[in-house]
Amino acid sequence: MTSQFSNRSAGQTFSPEQSQDNRVTLAITGASGAPYALRLLECLLAQNQQVLLLISSAARVVFATEENLKIPGAPDAAQKFLCDHFGVTENQLKVYGKEEWFSPVASGSAAPKRMVVCPCSTGSLASIATGASDNLIERAADVVLKERGQLIIVPREMPLHSIHLEHMLTLSRMGVTIMPAAPGFYHQPQSIADLVDFVVARILDHLGLSQQLVSRWGYDQRNS
């Protein structure tokens, strides 16, 4: 996938002390929906966000299947691969392995206050809802919850049974935003990319970031 954005962060450095407003944790799990994750990552980087990226083993399988993108398993290799792919510095995009317990996302003293799990498998949903914290994705989500930060979950599954729904309700009651990958059609999508952009645009809205991917309801200037 070729980035549609110019890299506005060239030469910019990021430090652990930088504003929390410019840092976000993005976790990608093994649910179908790699296009959502890639587009969201692209948009976050384009807005000069420092992204702390967590990718599950199952997610790498999904990326290879849905996007023909083979992300290396080793965190350092994955980081270099994705930085080259998006044309950003390794200071802006950090990739951590599932057991890197000394990474910033593992502690409330260092983790970004915002986290998105996109897409979120129902297995990851269950682990987060029950506080399992058996890997870094689950621990990072647990940290955001205990620090009263912003956690957005983007489940991609159908149909949903009662356990799935109960886990979503549990998290919703804790203040988590549940955003199923269910694109709308009022923007008259002409391609799969348009449907992906609808979901990504809503995520960006909730993160407080600007977006011009999809016209807002009531502000579309198309001729009727």
- Using DSSP to define loop residues, name the GluC sites (Glu not before Pro) in region 46-106 whose beta-carbon has at most 16 other beta-carbon atoms within 10 Å. 67, 90, 99, 100
- Surface share of carbon and sulfur [accessible, 1.4 angstrom probe, percent] for the chain: 51 percent
- Task: Only loop residues by DSSP count here, and only those with at most 11 other Cβ atoms within 10 Å; note down the trypsin sites (Lys or Arg not before Pro) in region 147-224 that meet that.
- Result: 148, 216, 222
- Task: With only Lys, Arg, Asp and Glu charged, each at its Cβ (+1 for the first two, -1 for the last two), find how big the charge dipole of region 34-114 is about the Cα centre; round to the nearest 20 debye.
- Result: 200 debye
- Considering only 36, 96, 186, give the residue with the highest GNM mean-square fluctuation for the chain, with springs between Cα atoms whenever their separation is below 10 Å. 186
- Of 103, 121, 162, which is the most mobile in a GNM of the chain whose springs link Cα atoms less than 10 angstrom apart? 162
- Message: What does the net charge come to around residue 38 if you take all other residues with beta carbon closer than 10 Å to its beta carbon, with K and R at +1 and D and E at -1?
- Response: -2
- Task: Please give, to one decimal in nm, the separation of the simple spin-label points placed at residue 158 and residue 67, each 7 Å out from Cα toward the Cβ.
- Result: 2.2 nm
- With a 1.4 Å probe and every protein chain left in place, work out the accessible area per residue of the chain in Å², rounded to a whole number. 50 Å²
- Query: To the nearest 10 Å², what's residue 70's accessible area with a 1.4 Å probe?
  - Reply: 150 Å²
- Message: Could you work out [θ]222 nm for the chain from helices alone, using -39500 (n - 2.57) per DSSP H run of at least four and dividing by all its residues? Round to the nearest 500 deg cm²/dmol.
- Response: -11500 deg cm²/dmol
- Task: Identify which of 58, 201, 141 has the largest mean-square fluctuation in a Gaussian network model of the chain, with springs joining Cα atoms closer than 10 Å.
- Result: 58
- Task: Quick one: dipole size for the chain, taken about the Cα centre, charges +1 on Lys/Arg Cβ and -1 on Asp/Glu Cβ, in debye to the nearest 20.
- Result: 280 debye
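The values are calculated or read from the model by the stated rules, or taken from the named source; none is laboratory data. Remember, predicted model here, so these are calculated numbers, not experimental data. FYI the Cβ positions are ideal-geometry reconstructions off the backbone, even for glycines, and counts take in every protein chain you see. For the accessible areas, the whole protein counts, side chains as well, though only heavy atoms, and no ligand, DNA or RNA atoms are used. Shrake-Rupley method; radii C 1.70, N 1.55, O 1.52, S 1.80 Å.
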